[in-house]
Amino acid sequence: MSKLTLLFVLGTLAFAATVAQAADKSPLDHKVTSIDGKPVDLAQFKGKVVMVVNVASRCGNTKQYTNLENLYKKYSDKGLTVLGFPANEFGKQEPGTNDEIAEFCKTKYQIDFPMFSKIVVKGEGIDPLYQTLTADQKFAGPISWNFEKFLIGRNGQVVARFSPKLNPESPEVIAAIEAELAKK
């Protein structure tokens, strides 16, 4: 076996091991940073139903902030939380600083659900949370655009993935949320 072939095989095995490790991990096993710079252990959301969304303030889907906030208000007392992760990978539609993003979310959309520091959700430098989300065997694949939604069940595992274009208050999203909330 040539050195080049051996390097290729070893690299492929290392990549496969990384993907397998990410797929075995719960998205809620990660530590992240809030939009105001404080460390947050996502383990605090275990036992809840969690919707993780990569968000952007200059996107055609930005109006979904209203729908996400509506879901949060309607279902938070039943165990749902929405987590917003600003990202700038798609059309550079989230160019602002964390302070600018926080101000935009508060003044334009009155967002009360937890928001986090801007992260990379696709490609080089992808955040470990998004490595785990996109490695899940049933819902694997790279993020396609801003406002892609992952629903995490009370068991800490991804139970659904929704298209960026799908309204968060659509019947299929509501049905998935309510089904997970019904589980105790």
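Are any residues in region 141-162 assigned to a loop (DSSP other than H, G, I, E, B) and either under 11 Å from the mean Cα position of the chain (by Cα) or farther than 21 Å from ALA43 by Cβ (or both), and if so, which ones?
Going through region 141-162, the residues assigned to a loop (DSSP other than H, G, I, E, B) turn out to be 141-148, 153-157.
Across region 141-162, the qualifying residues are GLY141, PRO142, ILE143, SER144, TRP145, ASN146, PHE147, GLU148.
Tell me whether region 134-152 contains one or more residues that are surrounded by 18 or more Cβ atoms within 10 Å (Cβ to Cβ), in contact with a helix residue (DSSP H, G or I) (Cβ under 6 Å, 6 or more places away or on another chain), closer than 22 Å to LYS31 by Cα and polar (S, T, N, Q).
No: zero hits.
Quick one: what pairs do we get from region 38-54, first residue farther than 16 Å from ALA160 by Cα, second in a helix (DSSP H, G or I), C-beta under 6 Å, 6+ apart or different chains?
Taking only residues 6 or more apart or on different chains, the pairs are LEU42/LEU28; ALA43/LEU28; PHE45/LEU28; LYS46/LEU28.
Could you please find all residues in region 102-133 being basic (Lys, Arg) and surrounded by 14 or more Cβ atoms within 10 Å (Cβ to Cβ)?
Start the filter on region 102-133 by keeping residues that are basic (Lys, Arg), which leaves 106, 108, 118, 122.
Result: LYS118, LYS122.
Restricting to region 94-115, name every residue that is out of contact with any helix residue (DSSP H, G or I) (no Cβ under 9 Å at 6 or more places or on another chain) and basic (Lys, Arg).
The one that is out of contact with any helix residue (DSSP H, G or I) (no Cβ under 9 Å at 6 or more places or on another chain) and basic (Lys, Arg): LYS106.
Read the figures in this text as sums done on the coordinates, not as results from a lab. Please read all numbers here as calculations on a predicted model, not as lab measurements. Cβ atoms come from the backbone with ideal geometry, glycine included; neighbour counts cover every protein chain shown.
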